[in-house]
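K.L.:
Before we start, here is the structure in question, set down as structure tokens.
The values are calculated or read from the model by the stated rules, or taken from the named source; none is laboratory data. Please read these numbers as outputs of a predicted model, since none were measured by experiment. Cβ sites come from the backbone with ideal geometry, for glycine too, and all protein chains shown count toward neighbours.
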Amino acid sequence: MGRQWLHAKREVAGLKKGQVVGKLVKEIMVAAKLGGAEPAGNPRLAAVVEKARKASVSRDVIERAIKKGAGIGADKLVMEHVVFEGYAPNKVPIIVEVLTDNNNRTAPEIRVLFKKGGQLGAPGSNKFLFDHVGLVDAQHADPSADIEAAAIEAGAQNVELLSHAENDDIPEGTAGARFITERGDLHAVTQWLAENSWTVVTSELGYIAKSFPELTDEQRQHTGEFLQTLEDHDDVHRVWAAIK
């Protein structure tokens, strides 16, 4: 769903280290702004900080990003969240989330990328094709862990198995799952999982497509290349696509 076309391994391998660091720093700032500066009480922040450490982001950079996002000190976060809607090649609906400190620069750049193969729509033109939900990817050391029971107890609306092949932050030999929540329940579900032996990998609001167009392998590859071009832009935070 959503971003299966882009596995975490491909995401890291396909971007320069500077781009990876920049995106992680933005995620840290947003997580700190939404949930506070203490990773122990902010599972979403804890997850992205761990991901940043694995990507060799320095402690100083992580701490500055947390302080900026949480508004601690003189350097406050000034970041605009902008959503673009449109279609990738082969009429695949997409939603592109951008985090930028200068939308006058970023918006024209995104429009240029769409002209290379996609179609940019007006605000609200295709959001109805997606469900806006909370998404928590997590893993449990016990491969026999009951993910459905965990979802019920955590308060999630649904849960899906998640393998190492789909997200390489899920170690092989563990129970991986994607918990789908109501938007307002994201923090509570994330907190419950973190307190009950689950390691949270990502915790964020996202979009799940309600249906998926039928594509040939060639069409899927063509669409994926366009989506990768969008993802490679420094200010693009997430690309959600109706592609399996």
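K.L.:
More than 19 Å from the chain's Cα centre (by Cα) and surrounded by 19 or more Cβ atoms within 10 Å (Cβ to Cβ), is that true of residue 88?
P.N.:
Criteria not met by residue 88.
K.L.:
So, in the stretch 102-149, how many residues would count as being in contact (Cβ under 8 Å) with a residue 60 or more places away in the chain, of a type in the set (S, T, N, Q) and in contact with a Gly (Cβ under 9 Å, 6 or more places away or on another chain)?
P.N.:
Total satisfying the criteria: 1.
Here's the yes/no breakdown for (1) under 26 Å from residue 39 (Cα atoms); (2) modelled with pLDDT of 95 or more; (3) touching a strand residue (DSSP E or B) at 6+ places or on another chain (Cβ under 7 Å); (4) of a type in the set (Ser, Thr, Tyr):
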position	(1), (2), (3), (4)
166	yes, no, no, no
179	yes, yes, yes, no
196	yes, yes, no, no
221	no, no, no, no
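K.L.:
Let me ask something else about it. State yes or no: is residue 191 under 22 Å from residue 28 (Cβ atoms), part of a strand (DSSP E or B) and over 16 Å from the mean Cα position of the chain (by Cα)?
P.N.:
In short, no.
K.L.:
Being more than 20 Å from the chain's Cα centre (by Cα), surrounded by 13 or more Cβ atoms within 10 Å (Cβ to Cβ) and under 20 Å from residue 227 (Cβ atoms): is that true of residue 118 here? Steps first, answer last, please.
P.N.:
Working: more than 20 Å from the chain's Cα centre (by Cα): yes; surrounded by 13 or more Cβ atoms within 10 Å (Cβ to Cβ): yes; under 20 Å from residue 227 (Cβ atoms): yes.
Yes.
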